[in-house]
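Report on one structure; see the data block that follows.
Please treat every number below as a calculation from the coordinates, not as lab data. Keep in mind it's a predicted model, so treat the numbers as computed, not measured. All Cβ positions, even for glycine, are placed from backbone atoms using ideal geometry, and neighbour counts span all protein chains on display.
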Amino acid sequence: MFKESIINGLWKQNPGTVQLLGLCPTLAMTNTIVNGVSLGIATMLVMSIANTSIAPIRKFIPDEVRVPIFILVIAALVTVVDLSIHAYAEPLYQTLGIFIPLIVTNCIVLARVESFASKNPILPSFYDGLFMGLGLCLVLAILGAMREFLGQGTLFSGLNLIFGDTFNSNGLSFFDQYEGFLLAILPPGAFLGLAFMIAFMNWVNQKN
Amino acid sequence: MIKFLKNYKIIAKTVLAMIIFSVIFSFILSFFYLKTEPVILKSEMEAKKRLLLQVLPSNIYNNDLVNSYIVIPPNALLKNKIDSKLYLAKQNDKTTAVIIETTAPDGYSGEIKLLVGINRNGEILGTRVIKHQETPGLGDYIDIKKDSWITIFKSISLDNTPKRDWAVKKDYGKFDYMAGATITPRAVIKAIYNSLIFFNTHKIELGINV
């Protein structure tokens, strides 16, 4: 059950590359690795809390109104996460900006609640939320790394926004006088990057 | 009749469930809101203060800068669509400098909001971009977090820089810019120029007469 959650979340049913849910943040926030991972962690947090809190009350939710109630719960949880990040991690809030409230509209959260947590006990639901979130987070990290490396020639730029000024705001630079590759930074670069990742996954799956 | 009663039961059940869930989560939300609100207000205040402090050197005023401002309604020079603020820096009740919140409406993607700090002689003490949506990696070097470009305006004034010099080098002006993005610095230069004009025309109202 635990192992199955890991395999499904990270590879077989990966929300970013297989289920293709939650494309809005996937494409918009992955211009650097730091942005991608930050949003990934926030989504992972919301998904595990949402799954864990829906599972124990699943028997009290009438079938006819389950979707509005799921949305209500998810929206409330996201607002709680949003308020907490704003209050206790202000620099991170500046970076993620509008994308935290938008986790509500990220279909992947509702999809996991509806298809998994509403039918399973607490612990498996928690694992499902956690590893589905982790799978998405990894996709965001890889996509962010690809786009940042190609687009700006750096990795981990903006780490100072999260961990304070002990870190260099430019991150690791790989080239002197890099002109930048604008396509990678703009949204089309995100589509292309995601397409390459999906193609790679399909190629690996086909070989096995 | 029996059918109606059966439906009635289902409706009552679903309505009740919705009400109970709404009430529970409203309580959870209000709890978190009340708990985080003071922290959020404080950190927003500090973020603003940090920017204001970057614009002016701290040894030229001793008043509560963040809370001493006048409100300026939409103005043709400052291009603000809503009320903007003009902060007054005072040393022993004498105004030593002002910080003008101004807007460049013609950035590459939308408005650029700036703070411009000007001393009594009309010289720029510092400028900062507080909000912009310029292209990442291209036009966003106006942000101090990405580049120090914005500091080239230090100690520039209308007296030491004639009108024709207020342009990027490409347009035969005196200001540097980065290849690939000229629309952004053009907008910023124009906004800073206009805020100096604003300052000069309203000097007396601000209690500064040199």
Hydrodynamic calc, chain B: Kirkwood Rh from Cα pairs, then Stokes-Einstein at 10 °C with viscosity 1.306 mPa s, so D in µm² s⁻¹ is 79 µm²/s
Projecting the Cα atoms of B:A47, B:S26, B:V15 onto the charge dipole of segment B:1-55, where Lys and Arg contribute +1 and Asp and Glu -1 at Cβ, the residue farthest towards the positive end is B:V15
Of the candidates A:V80, A:V67, A:V34, the farthest towards the positive dipole end of segment A:1-126 (Lys/Arg Cβ +1, Asp/Glu Cβ -1, centred on the Cα centre) is A:V67
Beyond 23 Å (Cα-Cα) in this structure, taken from B:K49/B:K113; B:K49/B:K145; B:K146/B:K169; A:K119/B:K6; B:K94/B:K203; A:K12/A:K59, we find A:K119/B:K6; A:K12/A:K59
For segment B:1-55, the dipole about the Cα centre with charges only on Cβ (Lys and Arg +1, Asp and Glu -1), to the nearest 20 debye, works out at 320 debye
Quick calc, chain A, dipole around Cα centre from Cβ unit charges on Lys, Arg (+) and Asp, Glu (-), nearest 20 debye, gives 700 debye
Here, trypsin sites (Lys or Arg not before Pro) of segment B:52-98 satisfying both criteria (DSSP loop; at most 13 other Cβ within 10 Å) are B:K81
Helix B:2-55: inclination vs chain B longest Cα principal axis, degrees, rounded to 10, gives 20 degrees
CD proxy, 222 nm, chain A: helix-only mean residue ellipticity via -39,500 (n - 2.57) per DSSP H run with n ≥ 4, per residue, nearest 500, stands at -20500 deg cm²/dmol
Stokes-Einstein, Kirkwood over Cα pairs, segment B:1-55, 37 °C, 0.692 mPa s; D in µm²/s equals 217 µm²/s
For the protein assembly as shown, inverting the pair-averaged 1/r of distinct alpha-carbon atoms gives a Kirkwood value in Å of 24.7 Å
Helix A:187-207: inclination vs chain A longest Cα principal axis, degrees, rounded to 10, gives 70 degrees
With a Förster distance of 30 angstrom and the Cβ-Cβ distance between A:L20 and B:D165, calculated FRET efficiency to the nearest 0.05 equals 0.05
Least to most buried among A:R58, A:R112, by other C-beta atoms within 10 Å and fewest first, runs A:R58, A:R112
About its Cα centre, the protein assembly as shown carries a charge dipole, from +1 on Lys and Arg Cβ atoms and -1 on Asp and Glu Cβ atoms, whose size in debye to the nearest 20 is 860 debye
Final fewest-first order of B:T135, A:T32 on the 10 Å Cβ neighbour count is B:T135, A:T32
Here, chymotrypsin sites (Phe, Trp or Tyr not before Pro) of segment B:168-210 satisfying both criteria (DSSP loop; at most 11 other Cβ within 10 Å) are B:Y172
In segment A:101-208, the GluC sites (Glu not before Pro) that sit in a DSSP loop and have at most 14 other Cβ atoms within 10 Å of their own Cβ are A:E179
To the nearest 10 degrees, the tilt of helix A:66-88 (Cα long axis) against the first principal axis of the alpha carbons of chain A is 40 degrees
Inter-chain shielding metric for B:49-59, i.e. average beta-carbon neighbours from other chains within 10 angstrom, reads 0
Listing B:M178, A:M1, A:M29, A:M146 by rising number of other beta-carbon atoms within 10 angstrom, fewest first, gives A:M1, B:M178, A:M146, A:M29
Computed Rg/Rh for chain A (Cα atoms; Rh = Kirkwood radius) stands at 1.01
